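The values are calculated or read from the model by the stated rules, or taken from the named source; none is laboratory data. This is a predicted model, so every value here is computed, not measured. Cβ coordinates were reconstructed from backbone atoms using ideal geometry, including for glycine residues, and neighbour counts include every protein chain displayed.
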Amino acid sequence: DCPQRERFGWLGDAQLSAETTIHNFDMGGAYTSFVRLINDSQNETDGNVQDCVPWYGHGHGQADPAWGSAYTFIADWVGSYYDDDEIFRAHYAGIKGHLEALRTQAKADNTDGLLTFSWWGDWCPPSGCKMDKGHHNSAIVSSFMYIKQIRIMAKMAKILGHDDDAA
């Protein structure tokens, strides 16, 4: 992106680099803190996460599904790479709320459970994006990120003994 001038904690940038930096450096503390920032900024009413943290009103209050996936992905990478279930316990409710917000959006998209909502259009299909008021750019990427997060949540639920959620 543009790290030479960008100073905000954009979730899209964070989730694209997190697994690589976790693999190469001791990043457990730094990313545990970053996941906490996501949780602290989360909308308690509807479960939406923002696309940039800490939240100062910039970006979007309902993150693009690919960007908001940083909450789930980074928590999973910290838990998996550092064999630390505590991050799962600490953020289980928040990630569950985030996924519930995505489920609500998928229902509103009215496309048989697919999530078509997208803000940024960074991942337009080969035919191109058609910008509309709902920002429905890419069912492929948004739905993929949504499904991948659901699978991670099922894994976390199983680890924590939440059998109903795991199912």
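Pick out the one residue from Tyr92, Tyr81, Tyr71 that is under 25 Å from Lys158 (Cβ atoms) and in contact with a Leu (Cβ under 7 Å, 6 or more places away or on another chain).
On inspection, the qualifying residue turns out to be Tyr92.
Identify, please: which residue in segment 55-91 is aromatic (Phe, Trp, Tyr) and within 13 Å of the chain's Cα centre (by Cα) and is, among those, farthest from Arg151 (Cα to Cα)?
Step by step, filter segment 55-91, then rank; the result is Trp67.
Surrounded by fewer than 20 Cβ atoms within 10 Å (Cβ to Cβ), among the acidic types (Asp, Glu), at pLDDT below 95 and more than 19 Å from Val35 (Cβ to Cβ) - does that describe any residue in segment 130-143?
yes
Can you pull out the residues in segment 25-39 that are in contact with a Phe, Trp or Tyr (Cβ under 8 Å, 6 or more places away or on another chain) and within 17 Å of Trp10 (Cα to Cα)?
Tyr31, Val35, Ile38, Asn39, listed by residue number.
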